[in-house]
Each structure stands twice: as structure tokens, then as C-alpha cells.
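Notes for the one structure printed next.
The values are calculated or read from the model by the stated rules, or taken from the named source; none is laboratory data. Everything numeric in this text was worked out from a predicted model, so none of it was measured. Don't worry about glycine lacking a Cβ; one is built from the backbone with ideal geometry, like all the others, and counts go over all protein chains shown. The area values use the complete protein model at the heavy-atom level, side chains included, leaving out ligands, DNA and RNA. Shrake-Rupley method; radii C 1.70, N 1.55, O 1.52, S 1.80 Å.
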There are 2 protein chains.
Amino acid sequence: MDKSRVLAALAALAHETRLDLVRLLVGVAPEGLAQGEIARRLSVTASGLAFHLAQLEQAGLVRARRQSRHVFYAADTACIGAVLGYVLRDCCQSHPEVSDCCRRTAEGRGAPGDKRGSPPGSQT
Amino acid sequence: MDKSRVLAALAALAHETRLDLVRLLVGVAPEGLAQGEIARRLSVTASGLAFHLAQLEQAGLVRARRQSRHVFYAADTACIGAVLGYVLRDCCQSHPEVSDCCRRTAEGRGAPGDKRGSPPGSQT
DNA sequence: TCAACGATTCACGAGTAGTTGAGATATGGA
DNA sequence: TCCATATCTCAACTACTCGTGAATCGTTGA
């Protein structure tokens, strides 16, 4: 897991459709879903879906598997975890507060002293 | 921490210069560094740095603080952790393998059965 | 007030991402 | 073989991002 792979993965995740794709595919991992079924569930066009799946596959976040006329896409849960772990360790040097907030948010507990209820500039 | 904030944060992180910025600023958190000092350390132009810092600040990943003629930028470690935690929980539904790989990578242990030494299509 | 310094903003051009529709390709069944 | 279905590829277009240099703004100290 090197820097360029992590950058590609982050760029791949930084799009609403692809984040939805990852959410959907992680939910059905490790079997995955056929492209047509994904298109139906997320209401995206076939060509748009192919584009986004290709991005995710190139970033290593999902893997494709042909089965007769269908192509099943499955989330690569190990790769997704490795990307998050890389950001935690290499970019954040395992900073205690980063790790702590990550764990708390992941456990659905939120931050105890969450001073930033709304971010500067992102409120509507 | 809603979806649009996470998307903005991921997009902000998905750039080499900004990932370097985050690494640098997390390393000196919570004090932060003045913009000129950051520019020197990372060898980027002043205008380019201002652009990237603005991206990071808008995404909530760093915070600016004026001190006389200097503007100090500090990483918002809680926000960074929350973004990672959101991806773990909301997008990956706390999938055990994702959490596991994340924890292992963050602890520098790597994955035990890492079948993907190199990703499909990202090797040079 | 003035000069020096740090930070910000602006315009411009190049490159890339995203969306869409049309057509091509591959597979399975009648 | 023919048709229906599933997936892929391509071109065209729009919109955005990024890097750069110049100009501008704000603060400080003489």
C-alpha cells in the first residue's frame, strides 16, 4: 500500500456515486452484485456505472468477476481497510486524537467534546 | 459529520500536496505552522499553498488562526478522525474485515493473508 | 508615512473528471 | 442463425481542478 495507491483510492471514494457504490458493495461482500443489478439499485445509467466501477476497480477498491454473461463486482474489504489504516498511520502518524475520534465515530459514539458542530463554510 | 462533508474531506485528501500538508500539520498539532514556514518546508509556491490550504480548511481538515502578521494553520485531528470513522461505519457498515485491516495497517502489522501485493492496473 | 514582509486574490491556460447517448461486443436461449 | 440481454467502449461536451505569476491587501516596525 503505497502513497499513489492511497491517493487513487481517496480520489475514487471522493464522489457521491462511488461512495454509494462502495456502501452497496460492502453490504453484499464478498459475493458482490452484477452490474445490471447495481444500476437498478442505484438508478444510474449503464455507461455511467461502468465508468465509476472502472475507477473503483483501478483504485483496487472493488474486484470484478465474470460469471456467464454477468460481471459481478465485489468490494475489496481488505484494500478499503488498508487505505484507511494508511491514512491513520502514515499521514496522521497514529496521532492519538485522530485514532480516538476515528474509533469513537466508527462505534457510533461521536466525539465527547465536539466543539465543531458545524464546519466553517459548509453550512447552507 | 454528514455525507457532503465526508466527500469534501476525501476530495481534499486525494491530492499529493494536500496529503503532505496534512501529514506535516498533524505532526505539529495542535500548534500548527505559519503559511510561510509550510511553504518553505514543502517547497511549494505561496499562491499554490494558499489554494490547497483553503481547500483543506473548507473541508474542515485544518483550521487557521491569525497571529499578528502570520496565519497559523493547524490540523483538525478530531475532524480527520471523524471522517475516517464515518467511512468505516457508514460506508463500510463496520464490516469486520475492513475494520480489521484498518487496525492492522494502522498498527504497522499489515494484513496477514495479503493476497494482493500489487493492485490490478496501478503498478508502474 | 513609508517600506518590508506575509498572505490573499485574480486571471489565464492546461489538464482531467463526469455525464450522456450511440454503437459495438459477448453471452445464452429459442 | 436470430434475438434479447448484459456489458463495454467511444466521442463529444461541460464543468471543474490545478499550477503559475502578477497584483493587491493587511500588518509591523522604523
- Any idea what angle helix B:3-13 forms with the longest principal axis of chain B, computed on alpha-carbon atoms, 0 to 90 degrees, nearest 10? 70
- Full extension from A:Q58 to A:A46: what is 0.36 nm times the residue separation minus their Cα-Cα distance, to one decimal in nm? 2.5 nm
- Query: For chain A, what % of the accessible area comes from carbon and sulfur atoms, probe 1.4 Å?
  - Reply: 50
- Note on the structure: accessible surface per residue for chain A, probe 1.4 Å, DNA/RNA/ligands not counted, whole Å² -> 48
- Cα lying deepest toward the dipole's positive end in chain A, options A:G27, A:T17, A:Q67, charges on Cβ: A:Q67
- Can you check what the net charge comes to around A:L42, using other residues whose Cβ is under 13 Å from the Cβ of A:L42 (Lys, Arg +1; Asp, Glu -1)? +1
- Note on the structure: So, with points 7 Å from each Cα along the Cβ direction, the A:S68-B:D100 label distance in nm works out to 3.2
- How many angstrom lie between the C-alpha centres of region B:48-102 and region A:1-23? 15
- Task: Calculate one ³J(HN,Hα) per residue across region A:87-95 by plugging θ = phi - 60° into the Karplus curve 6.51 cos²θ - 1.76 cosθ + 1.60, and present them in order as whole Hz with x for glycine and proline.
- Result: 4, 4, 8, 6, 7, 9, 6, 6, 4
- Task: Pull up all non-local amide H partners of A:S94: gap of 5 or more, or a different chain, and H-to-H distance under 5 Å with H placed in the peptide plane.
- Result: A:R89
- For the Cα atoms of chain A, what angle does the longest principal axis make with the long axis of helix A:46-58, in degrees from 0 to 90, nearest 10? 60
- Item | Protection proxy ranking of B:40-53, A:50-63, A:72-85, A:29-42 - average other beta-carbon atoms within 10 Å, highest first | A:72-85, A:50-63, A:29-42, B:40-53
- Can you pull a Stokes-Einstein diffusion coefficient for the protein assembly as shown at 4 °C (1.567 mPa s), Rh from Kirkwood over Cα pairs, as a whole number of µm²/s? 70
- Note on the structure: Interface B-A: total buried accessible area (1.4 Å probe, Å², nearest 100) of 4700
- Message: Taking a cut-off of 24 Å, what percent of all Cα-Cα pairs in region A:1-110 are separated by more than that?
- Response: 29
